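Written below as structure tokens is the structure these notes are about.
The values are calculated or read from the model by the stated rules, or taken from the named source; none is laboratory data. The structure displayed is predicted, hence computed values, not measured ones. With ideal geometry, Cβ positions are generated from the backbone for all residues, glycine too; neighbour counts draw on all protein chains shown.
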Amino acid sequence: MNQERFKTLQIRLSGLTNWLITLAVIGILISIGLGWLVKGVLILIAVIAITPILVILGVQWWLKRNLIQDQCPVCSHEFPAFNNIQFQCPNCGEPLKIEQGHFSRLTPPGTIDVQAVDVSVKRLED
């Protein structure tokens, strides 16, 4: 009979122990003060609200620095491309790169790239 009372008492105390621990934690938090907890939650909300704005501004700044819009030197098709990469013209497929903020043809090493110049002809009469 003593063992059954002990088991019943043990079961009742285990349920009571959870409540006592919860009340002790609440009592400690109240005695310390909950101001730090409220401030922490407010700071967390402010960080969550400000972070997307800073990310959007950062991405816009990065795009202004690294996105170049120019015309293809071969077919004169205008399109945007990222700085410091090699790419192909979407219209004619010519391999291009960016030099000094403008598109230029990507030529293999040892190739001399020349541009034709139109020369007007004058006829000299004797």
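A compact table of results
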quantity: Trp61 vs. criteria among the aromatic types (Phe, Trp, Tyr) and at pLDDT below 90; calculated: no
quantity: Hey, Leu23 surrounded by 11 or more Cβ atoms within 10 Å (Cβ to Cβ) and part of a helix (DSSP H, G or I) or not; calculated: no
quantity: Flag for Gln88 being under 26 Å from the mean Cα position of the chain (by Cα) and without any contact (Cβ under 8 Å) to a residue 12 or more places away in the chain; calculated: yes
